[in-house]
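One structure below.
The values are calculated or read from the model by the stated rules, or taken from the named source; none is laboratory data. None of the values given here were measured: they were computed from a predicted structure. All Cβ positions, glycine included, derive from the backbone under ideal geometry; neighbour counts span all protein chains shown. Accessible surface areas use protein heavy atoms only, side chains included; no ligands, DNA or RNA. Shrake-Rupley method; radii C 1.70, N 1.55, O 1.52, S 1.80 Å.
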There are 2 protein chains.
Amino acid sequence: MNRFASAAIAALLVFLCSTSHADEGMWTFHGFPFSKANAALKTSLDQAWLDRVRSATVRLSNCTASFVSDEGLILTNHHCVEACLAEQSSKEKSYVEDGFLAKSREEEKKCQTQVADVLVGMEEITAKISAVTAGKDEAAANDVRKATLTQLEGECEAQTKQKCQSVTLYNGGQYWLYKYKRYTDVRLVFAPEVSIAAFGGDPDNFQFPRWCLDMGLLRAYEDGKPAKPAAFLKVNFAGPAAGEAVFVSGHPGATDRLLTLAQLKQQRNLDLPQWLLRYSEIRGRLIQFSESSPENERITADTLNSLENGIKVRRKMLDALHEDTLLDRKAAEQATLEKNIAKDAALKKSTGNPWGDIDKALAAERGLFLPYTYIENGAGFQGRLVNYARTLVRGTAERDKPNGQRYREFTDGALPRVQQNLGASVPVYTELEEIRLGNGLERMREWLGPDHAVVRKLMSTESPAALAKRLVRETKLADPAVRLELWKGGSAAIAASTDPMIMLARSIDADARAVRKSYEDTVEAPLRSATERIARARFATLGTSVYPDATFTLRLNYGTVQGWNENGTPVEPFTRLSRAFDRATGADPFRIPDSWQRVKSKLDMNTPFNLSTNNDIVGGNSGSPLINAKGEIVGLLFDGNIHSVSGAYWFDTAKNRAVAVHPAIIKEALSKVYSADAVLAELTR
Amino acid sequence: MNRFASAAIAALLVFLCSTSHADEGMWTFHGFPFSKANAALKTSLDQAWLDRVRSATVRLSNCTASFVSDEGLILTNHHCVEACLAEQSSKEKSYVEDGFLAKSREEEKKCQTQVADVLVGMEEITAKISAVTAGKDEAAANDVRKATLTQLEGECEAQTKQKCQSVTLYNGGQYWLYKYKRYTDVRLVFAPEVSIAAFGGDPDNFQFPRWCLDMGLLRAYEDGKPAKPAAFLKVNFAGPAAGEAVFVSGHPGATDRLLTLAQLKQQRNLDLPQWLLRYSEIRGRLIQFSESSPENERITADTLNSLENGIKVRRKMLDALHEDTLLDRKAAEQATLEKNIAKDAALKKSTGNPWGDIDKALAAERGLFLPYTYIENGAGFQGRLVNYARTLVRGTAERDKPNGQRYREFTDGALPRVQQNLGASVPVYTELEEIRLGNGLERMREWLGPDHAVVRKLMSTESPAALAKRLVRETKLADPAVRLELWKGGSAAIAASTDPMIMLARSIDADARAVRKSYEDTVEAPLRSATERIARARFATLGTSVYPDATFTLRLNYGTVQGWNENGTPVEPFTRLSRAFDRATGADPFRIPDSWQRVKSKLDMNTPFNLSTNNDIVGGNSGSPLINAKGEIVGLLFDGNIHSVSGAYWFDTAKNRAVAVHPAIIKEALSKVYSADAVLAELTR
């Protein structure tokens, strides 16, 4: 991996001591530090172990999962299948609330917007990207970089018949093509009631000790039959011992550990507070709506759960960025890097002044932030229906262009998923749509101001709420057939449409494209150029033995089962079933469902429920298998403790802990509560 | 005023040049810089002018106002009388929406929770406070300081028969007794519809250009008859010229210009984000509730308006604290002060290390922040009913103690207002109470955690929403007679009460007192000691020619009528009526009421509507008279522009502008729209 000659080994060692720790690291499968990990854990992991784990690890659209049988059975979290449960539900019947068990293969329900990917190949393409961008100005380089990524993906797909996606690592320090086997037919097998899957709800979220059966089972199908995966992992229901070596194979979504100090301050001052303000208000609206009737509660639950999760994550991220220690450490790291660059005249010349360039790009971002956020990025246009409309308007226009000239979300490689989502028969609730669109429009007017051209265009005679209500009530886009007809009709059908939501999307598309163009040229392009140069300088002075930031691509990390010390109080790494009953209040979210209460006397109250480890994980890792050195599943990762949230920016060895469902409670529940005998047999054979 | 010898005149001049500007300053009436102001504005203000203005300026419970006739007529803002309008309203009839005009004295409606104070005397008591606190440790000094303030207030009231309130200036650098003539019978005379009073609503709030008739008229009564004030100000309906010298006499609520860097960071990192998160969610709940029916909209309007104002203020304050320039300047000022202190051995010794002490106190505050905020400070207990209950429980217990040993909000001097509020016959809306209390309890559980002792005590079997609903439905405290009976029954009646809201308040009072005690001893006491020492060091090195932070006590500031330059575009200081009609959309909050539409053809479209000046104002100044050098009212202050919000921390000479209603539109509206002939006659005679 050490493609860039290491100029300063001494500096490297100092750097690693100050910023990297034994258990830290979201390692790529092409850069896993076998010797370091085996030495630290006294294990003997090898390439075969890694290949098998890779082949059994599944990427869902929103989560991680793993194959757990040779008939395509997939283990993941309840909160990873919650959207699928909600898509099957209605105002009258909620599978989120009630749970689901397919008694037979025939009863397994298709998750219409889900896919399952398995990583089968990885190819570095950094040199190809460097070759095409060399000598170009930032905006031109940005355009040709994207076009080349699109072209390479297309060639790869044509050649391999796999799903090919480019990956940007180290903020542009490396580019890769990742190749996936994709399953597009994914069905729901089992999910418990949300009240036990997310026992403790939002108050307990990101907390430990914890008592959540946050599990769900899916099955991948191929040609209408259960898939035969290349590998699967056996569940070891005994679980791990305290102190045992454990590995998390999964797809951490995003971390910002390589951001510069100025970029972190921008998150602290702008992105995070703005997001939190917006979504705290929406949270209030949804709670108020959900409390007005049981039906409303039912249709809001899924949205509210994921929104509250997002709020909790971001407010702890904001807290982390308010820690002077974090920013001081980032400043010191940056100063060290600058000093090391200064020692090497050639490196100094090729690096230029990326931090100054970043300052300029961030100033441009501050200027564009509100129109970009509200108009292009959709904060003003919330809800399913308006997003269908925007996808149809934008997507049909893009489809008319050559592949390489399109926005990256509408390349040939991306179109099948676009069509899958447009055609999915999922419920659309009028009231929720009105709330979300009305709120978005109202806040757009507040933040852009009533005299902004787009605001005047949309709301010169109607209030935001009245406009939202009219659009939602009159559009026909809730019907997947209508959407697919427009999609197939292409830009001509869109131009001819009199659907009011399509008309809205049409009327603002040019404004949105214009602000996106400014953003790409004055923010994205210079930032990418600057962070690429910083990454190259880091490689040159530190080597590549530092892991890249998380990018929702496959990573492995290692750790051990352990608790931590919370302000002098030791936190044990295992919880037991009995305490869940002690803690129950009878009222959501501290309600143990009737299915458990009915068999309470038969349950072994000593059963381990959840456990904590010091693996380095982040959102996107949800559903990851926790694997022992033998390659068995000894836990189902579903969360981190509260200190894990600052993992977005650094890894706090002392307190950052991952949280997993213990396999013993899975067995106890499947056998005694849910009588899921066939599933259990499949898991244990 | 220069009680402390000025050690460094040179340093003073440098300091003033870098931090003070011609138009900046919220000057006390005992420290007004006549010569500086007269020189800057070419005016000839003297003590007689100042005394007359003081005698005509009124402090309401929430705002400023002024006497405008010899029969006690009071001019203030619509948003200052909005609570009174709401108190007169019901689900069926909203005076906020419809406005109000008393056709005769008999129709004037009493504002039950309002008072009107006129400042009649000021006496410095710094030496008395210094004498009793000398040699005591911080916590003991804090206790004796409060007890002494209570005692001095009591003696003053007994002696003068006026309302006596102590005032802490310069964060403890000076203590004063302010003496007020208090009117407790204040009645509503006139208010326009909120749609024209707050035209543009929240989107236009803190914006200029602007078109708001944000006016209201009250009348003070004494012994059942219109009061005869010692002075009143005539309205000059022609208004001021551009560039004319203007003065704002009023009660700016609070500024934080003297806070240390560490205190500002605490606001940025903790207080402001926490508040904004809480209230953004409540905003969402109230909007959702208000949109569900016209009745709900009616009963929510007043609360929502003031909440949205609070959100806008705080998010702009947070923006200001994210400006590196602001914090850098504060750091530089602090460094200069430290350097000047270091030059004087005696001063160095007496000052100690206040910044280090502040760091420790702020660390203690961070530790106590959540329990203090949620339990004692009421974030967990929102709504009228629970606050009545807490006041009754706390107040009756405090009343049993000697005056000097009570919490300061229950001293003999404070009790009449407590009883006035408890006995006020104001509407209590069950649904709003349920929302606010339920939300408070839910967030208390989220932030303190489900295992916190107070949370377990209240919510071990009920959800926050269910508990709130039960308490609100079963309590009898909505009835003022019930409240007064408990108040008169005292602590024995409270102990015997089985009202569930009283029981709740009783059950948490000891917890709340305990956290308050910790807060007072470990946060408030050391902070007060440290800021007193900083203030003394500032006086010693800079003199007292710097104005103190705003404290909702009477101040005068001077400026001129002017616009500003917004990113290269000049903003003119006057708006005209015609543009309001151009901007109207027909939908709230951009709806011009029917009363204006009906007489549109008769209105002079060229009438000046609002104007901007560079006076230094802040919330609490609302309703202040804008006065010319002759002592006439030439505007009614109601807002600032968006740049004025950062006035909490510094005065931005280039862009900070105050916004006022022009007297011409007042006359135009009273005569042509509202036919308020008697009122207009009283104003013009």
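Applied to the range B:578-587, the Karplus parametrisation 6.51 cos²θ - 1.76 cosθ + 1.60 on θ = phi - 60° returns per-residue 3J(HN,Hα) values of 3, 5, 4, 5, 4, 7, 5, 9, x, 10 Hz, with x for Gly and Pro. In chain A, the beta-carbon sitting nearest the axis that superposes A on B belongs to the residue given here with its distance in angstrom, A:Gly284, 1. Using the Cβ-Cβ distance between A:Glu222 and A:Lys110 with R0 = 22 Å, the FRET efficiency computed as 1/(1 + (r/R0)^6) comes to roughly 0.95.
Please name whichever of B:Ala335, B:Ala220, B:His662 sits farthest to the positive end of the charge dipole of chain B, dipole taken about the Cα centre and charges placed at Cβ: Lys and Arg +1, Asp and Glu -1. The residue sitting most towards the positive pole is B:Ala335. A 1.4 Å probe run over the range A:357-460, with the rest of the protein chains in place, finds 35 Å² accessible per residue.
Local charge for A:Thr607 was computed over the other residues whose Cβ lies under 9 Å away, with Lys and Arg +1 and Asp and Glu -1, and equals 0. Here's the list of lysines a cross-link from B:Lys672 could span, going by alpha-carbon distance under 23 Å and ignoring same-chain residues fewer than 8 apart: B:Lys103, B:Lys234, B:Lys600, B:Lys602.
Straight Cα distances below 18 angstrom link A:Lys312 to the lysines A:Lys655, with same-chain residues fewer than 8 positions distant left out.
Peptide B:268-277 has a mean of 4 when you count, residue by residue, the C-beta atoms of other protein chains within 10 Å of its C-beta. Computed over chain B, the per-residue total of -39500 (n - 2.57) for DSSP H runs of n ≥ 4 gives a 222 nm mean residue ellipticity of -14500 deg cm²/dmol, rounded to 500.
Mean per-residue shielding of peptide A:456-462 is 3, counting Cβ atoms of other chains within 10 Å of each Cβ.
Surface composition of the range A:109-158: carbon and sulfur atoms hold 55% of the protein heavy-atom accessible area at a 1.4 Å probe. Dipole magnitude for chain A: about 920 debye, using +1 per Lys or Arg Cβ and -1 per Asp or Glu Cβ, origin at the Cα centre.
For peptide B:322-331, what's the mean number of Cβ atoms from other chains within 10 Å of each residue's Cβ?
Across B:322-331, the average partner-chain Cβ count within 10 Å equals 1.
Charge tally around A:Leu45: other residues with Cβ under 12 Å, Lys/Arg +1 each, Asp/Glu -1 each, net +2.
Across the alpha-carbon atoms of chain B, the computed radius of gyration and Dmax are 25.0, 74 angstrom.
For a modelled paramagnetic label at B:Ala332, 7 Å from Cα along Cα-to-Cβ, no residue of the range A:344-364 is in reach, as no backbone nitrogen comes under 19 Å.
Take the Cα radius of gyration of the range B:451-514 and divide it by 2.2 N^0.38 Å, N being the number of residues; the result is 1.21. Between identical copies, the spacing of B:Glu572 label points, each set 7 Å from Cα toward the C-beta atom, reads 7.7 nm from nearest to farthest. Cβ-Cβ distance of A:Thr585 and A:Glu431, R₀ of 25 Å, FRET efficiency by 1/(1 + (r/R0)^6): the value works out to about 0.30. Close amide H partners of A:Lys109, meaning residues 5 or more places away or on another chain with modelled amide H under 5 Å apart, are A:Leu188.
For the peptides B:567-573, A:279-285, B:323-329, the ranking by mean Cβ contacts within 10 Å, running from highest to lowest, is A:279-285, B:323-329, B:567-573. Compactness of the protein assembly as shown was expressed as the Cα radius of gyration divided by 2.2 N^0.38 Å, which yields 0.98. Summarising the amide proton neighbourhood of A:Ala587: residues at separation of 5 or more, or on other chains, whose placed amide H is nearer than 5 Å comprise an empty set. In a simple Cβ point-charge model (Lys, Arg +1; Asp, Glu -1; nothing else charged), the range A:402-547 has a dipole of about 420 debye relative to its Cα centre.
Based on the alpha-carbon gyration tensor of the range A:367-520 and its eigenvalue square roots a ≥ b ≥ c, which shape applies: rounded if a/c is under 1.5, prolate if not and a/b is larger than b/c, or oblate? Judged from the Cα gyration tensor, the range A:367-520 comes out oblate (a/c at least 1.5, b/c at or above a/b). Whole-Hz Karplus values for the range A:258-275 come out as 9, 5, 7, 4, 5, 5, 5, 5, 5, 4, 5, 8, 10, 4, 5, x, 4, 4 Hz, taken residue by residue from phi with 6.51 cos²θ - 1.76 cosθ + 1.60 and θ = phi - 60°; glycine and proline positions read x. Between the beta carbons of B:Asp359 and B:Asn567, assuming R0 = 60 Å, the FRET efficiency works out to 0.95 to the nearest 0.05.
Counting only residues at least eight positions apart within a chain, or on another chain, the lysines with an alpha carbon under 28 Å from that of B:Lys161 are B:Lys109, B:Lys110, B:Lys128, B:Lys146, B:Lys179, B:Lys181, B:Lys225, B:Lys228, B:Lys401, B:Lys488. Can you give me the C-alpha center-to-center distance between the range B:382-405 and the range A:480-501, rounded to a whole angstrom? Their Cα centres are 64 Å away from one another. Think of a 1.4 Å ball rolled over the protein heavy atoms: the range B:212-303 then has 31 Å² of accessible area per residue. Relative to a virtual label point 7 Å from the Cα of A:Asp604 in the Cα→beta-carbon direction, which members of the range A:561-597 show backbone nitrogen distances below 18 Å? Counting backbone N atoms under 18 Å from the label point, the list is A:574-581.
Which one of A:Thr300, A:Val194, A:Ala139 is farthest out on the positive end of the charge dipole of chain A, using unit charges on Cβ (Lys, Arg +1; Asp, Glu -1) and the Cα centre as origin? Result: A:Ala139, furthest along the dipole toward the positive end. For A:Arg417, put the label point 7 Å out on the Cα→Cβ axis and report which residues of the range A:114-144 keep their amide N under 16 Å from it. So the set is A:114-120. Once you sort the root eigenvalues of the Cα gyration tensor of the range A:235-353 as a ≥ b ≥ c, which label holds: rounded (a/c under 1.5), prolate (a/b larger than b/c) or oblate (the other case)? Taking the square roots of the gyration eigenvalues as a ≥ b ≥ c, the range A:235-353 is oblate.
In nanometres and ascending order, the distances from the B:Gly356 label point to those of the other copies are 4.0 (point 7 Å from Cα along Cα→Cβ). Between copies, the label points of B:Ser90, set 7 Å from Cα on the Cα→Cβ line, lie 4.3 nm apart, reported in increasing order to one decimal in nanometres. Accessible surface buried at the B:A interface totals approximately 3800 Å², computed with a 1.4 Å probe on protein heavy atoms.
Sites listed here are trypsin sites (Lys or Arg not before Pro) in the range A:128-216 whose DSSP assignment is loop and whose Cβ has at most 12 other Cβ atoms within 10 Å: A:Lys161. If only the Cβ of Lys and Arg carry +1 and only the Cβ of Asp and Glu carry -1, the dipole of the protein assembly as shown around its Cα centre is close to 1120 debye. Overall, the accessible surface of the range B:216-347 at a probe of 1.4 angstrom is composed of carbon and sulfur to the extent of 51 percent. For the range B:505-514, putting each phi into the Karplus relation 6.51 cos²θ - 1.76 cosθ + 1.60 with θ = phi - 60° gives couplings of 4, 4, 5, 10, 5, 5, 4, 5, 5, 5 Hz, in residue order, rounded to whole numbers and with x for Gly and Pro. Burial here means at least 40 square angstrom less accessible surface with every protein chain in place than with the chain by itself, probed at 1.4 Å; in the range A:563-587 the buried residues are A:Arg583, A:Thr585.
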